[in-house]
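Asks: What follows is a single structure, and I will ask about it in a moment.
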Amino acid sequence: MTAAPRHFHYVKNDLCAEDVTLQAVAEKYGTPLYVYSAAQIRDNYRAYDVALSRTLGRGAYTICYACKANSNQAVLELLRKEGAGADIVSAGEMQRALAAGIAPDKIIFSGVGKTAEDIDAALTAGVVHINIEAEAELDLIAAIAKKRRVTAQVAVRVNPNVDAGTHAKITTGKKENKFGIDIEAVPALFKRGRKLAYVEMNGVAVHIGSQLTSLTPFKRAYQRLAKLVVTLRQQGATLTRVDLGGGIGIAYRGDETPPDLHLYALMVRDVFAGLGVHLCLEPGRSIVGNAGVLLSRVVQIKKGTAKSFAIIDAGMNDLLRPALYDAYHGLSPVRKSSGRRLTYDVVGPVCESSDIFLSAEKLSPLSVGDLVVLRDAGAYGAVMSSAYNARPPAGEVLVAGKKHARIRHPQTVQDLIDQDIVPAWI
Ligand SMILES: *Cc1c(COP(=O)(O)O)cnc(C)c1O
């Protein structure tokens, strides 16, 4: 199990992030606001590190945090200090990882649709390997590496055609998905790649999806990958690295049972034992997901006969996952109240019907002005926010023990206006 979010807890009736009440945080920084627990992020990272080091031994693996889950510089620096590398899917994320001091030799560049500029930036920085997701990418990398007179380390992201058994919009390892290269096509691609100058084909990678709650699809994909390693070596490839991707889920509803990390590590050892490859892992959600909440205030209660609407000051522009993936984020009051539970639809203020966080949810009575949190919002929350409806995205605060600090400048509507340019000829 990934660590339960023990750093958000009630002290008497007050919900706290570590040693700080969220009431105090809201008073100081306002709402809506993302609040992260540094200790929870560390615990989550260390849970991986402990499970892997015990099972595989130190030096056998690198944990490359998937920056896209939450790429705030403070989060990246915190993880860098824990020893994390980075998995990046754009040149922008690479710049963020480098700015946080993450060494290029711990940065993996994944992602479909890399441009020549992206590849040039990656080769200039000297990332440890580029995961190619299309055959044509190989020629592009070879041409740029030749021009730069550097040797590009290349891994092939394999589409193993395994159903991750997760939400369709976060499934990435089936034949019909845009990600990776069909497993059957990989041996021929390696043969071709090995003839290219300035390219070293040294790895294979998979990432079959996100929010997986069973080990079975991982095992199936990894077994296919291990078999592929043997096949590729038989044809003369020197494979040194296997990238296992991310995808381990977290308990959003509380009744999911995400894979135990020790069992995951044992399974990985069983599948790859004896192959003598360096393993890379790319967890994102399971590192930061339960380490963040979206703190918000109830702005209106609209009572109906069957149910009531609780309208809060956070919207889909702040947290898109429910609208995008039908994702569930539970709601907790910042101050526990008593009284018979009522049925609410919890919605944001954005002018879209999909701006709904919870529907027909039984909650303790809510009143205008109450503070609430949407839980487990640390991953794919702030990074996906937008300024839709001219709503500046929620700010971000990091708590560590009794300490707390803003980790992103709050934007104002004036900032949004100032970004626009009105040509003189209008
Ligand atoms: C998104 C992504 C990850 C992280 O996935 P999580 O489900 O957040 O662990 C890892 N690797 C790649 C290539 C990704 O695109």
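The values are calculated or read from the model by the stated rules, or taken from the named source; none is laboratory data. A quick note: this is a predicted structure, and the numbers were derived from the prediction, not measured. Cβ placement follows ideal geometry from the backbone for every residue including glycine, while neighbour counts extend to all protein chains displayed. Please note that ligands, DNA and RNA were not included when accessible areas were found on the heavy atoms of the full protein model with its side chains. Shrake-Rupley method; radii C 1.70, N 1.55, O 1.52, S 1.80 Å.
Asks: Given a 1.4 angstrom probe, what's the average accessible area per residue across the chain, in square angstrom? Display every interim value, and only then the final one.
Replies: Numbers: 18340 Å² over 426 residues.
Here the residues of the chain average 43 Å² of exposed surface.
Asks: So what J values fall out for the stretch 366-383 if you push phi through Karplus, 6.51 cos²θ - 1.76 cosθ + 1.60 with θ = phi - 60°, rounded to Hz, Gly and Pro as x?
Replies: 10, 10, 4, x, 5, 8, 9, 10, 9, 7, 6, 9, x, 10, 6, x, 4, 5
Asks: For the pair Arg46 and Gln223, what calculated FRET efficiency results from E = 1/(1 + (r/R0)^6), where r is the Cβ-Cβ distance and R0 = 25 Å, to the nearest 0.05? Before the final figure, lay out each step's value.
Replies: Numbers: r = 28 Å, r/R0 = 1.13.
After rounding to 0.05, the efficiency reads 0.35.
Asks: Considering only protein heavy atoms and a 1.4 Å probe, what is the carbon-and-sulfur percentage of the accessible area of the stretch 110-283?
Replies: On the way: 3720 of 7260 Å².
Its accessible area is 51 percent carbon and sulfur atoms.
Asks: Rolling a 1.4 angstrom probe over the protein chains, ignoring ligands and nucleic acids, what is the accessible area of His404 in square angstrom, nearest 10?
Replies: Approximately 70 Å² for this residue.
Asks: Moving to a separate point now. To make sure I understand the rule: partners must be lysines, Cα under 16 Å from the Cα of Lys303, and not fewer than 8 residues away in the same chain. Which ones qualify?
Replies: Correct list for Lys303: Lys362.
Asks: I've got another one for you. Taking the Cα centre as origin and putting +1 on Lys and Arg beta-carbons and -1 on Asp and Glu beta-carbons, what dipole magnitude results for the stretch 110-283, to the nearest 20 debye? Show your work: numbers first, answer last.
Replies: Details: 22 positive and 18 negative charges, 120 e Å.
Result for the stretch 110-283 is approximately 580 debye, rounded to the nearest 20.
Asks: Okay, moving on. How long is the stretch 110-283 along each principal axis, judged by its Cα atoms, biggest number first, in Å?
Replies: Ordered largest first, the stretch 110-283 gives principal extents of 54, 34, 28 Å.
Asks: Here is a further query. Can you run the Rg to Rh ratio on the chain? Use alpha carbon positions and the Kirkwood inverse-distance Rh. Write out the running numbers ahead of the final one.
Replies: Working: Rg = 22.8 Å, Rh = 22.7 Å.
Value, to two decimals: 1.00.
Asks: Report, in whole Å, the centroid distance computed from the Cα atoms of the stretch 208-228 and the stretch 284-301.
Replies: That distance is 29 Å.
Asks: Quick one: Cα convex hull volume of the stretch 187-315, Å³ per residue? Before the final figure, lay out each step's value.
Replies: Values: hull volume 22.5 nm³, N = 129.
Once divided by residue count, the hull of the stretch 187-315 is 174 Å³.
Asks: Do the alpha carbons of any pairs in Lys336/Lys402; Lys106/Lys169; Lys106/Lys174; Lys68/Lys174; Lys147/Lys175; Lys106/Lys227 sit beyond 23 Å of each other, and which pairs?
Replies: Result: Lys106/Lys169; Lys106/Lys174; Lys147/Lys175; Lys106/Lys227 exceed 23 Å.
Asks: Okay, moving on. So if each residue of separation counts as 0.36 nm, and I subtract the Cα-Cα distance between Gln414 and Asp255, what length gain in nm does that give?
Replies: Gain on stretching Gln414 to Asp255: 52.9 nm.
Asks: Tell me, in nm to one decimal, what length is gained between Ala390 and Asn13 on full extension, where the rule is 0.36 nm per residue of separation less the Cα-Cα distance? Don't skip to the answer; put the middle values down first.
Replies: Details: separation 377, 0.36 × 377 = 135.72 nm, distance 3.50 nm.
Gain in length upon complete extension: 132.2 nm.
Asks: Scan around Val350 for amide H atoms under 5 Å from its own, H built in the peptide plane at 1.01 Å from N, and keep only partners 5 or more places away or cross-chain.
Replies: For Val350, whose amide H was placed from the backbone, the distant partners under 5 Å are Met316.
Asks: Which order do you get for Ile311, Ile356 if you rank them by accessible area with a 1.4 Å probe, largest at the top?
Replies: Working: Ile311 30, Ile356 65 Å².
Sorted descending by solvent-accessible area, the residues read Ile356, Ile311.
Asks: Next up: In terms of solvent-accessible area of protein heavy atoms at a 1.4 angstrom probe, what is the ranking of Glu352, Glu82, highest value first? Please report the intermediate quantities before stating the final value.
Replies: Values: Glu352 80, Glu82 40 Å².
Listed by decreasing accessible area, they come as Glu352, Glu82.
Asks: Can I ask one more? As an exercise, find the ratio Rg/Rh for the stretch 330-426 from alpha-carbon atoms, using the Kirkwood inverse-distance average for Rh. Show your work: numbers first, answer last.
Replies: Numbers: Rg = 17.6 Å, Rh = 16.6 Å.
Answer for the stretch 330-426: 1.06.
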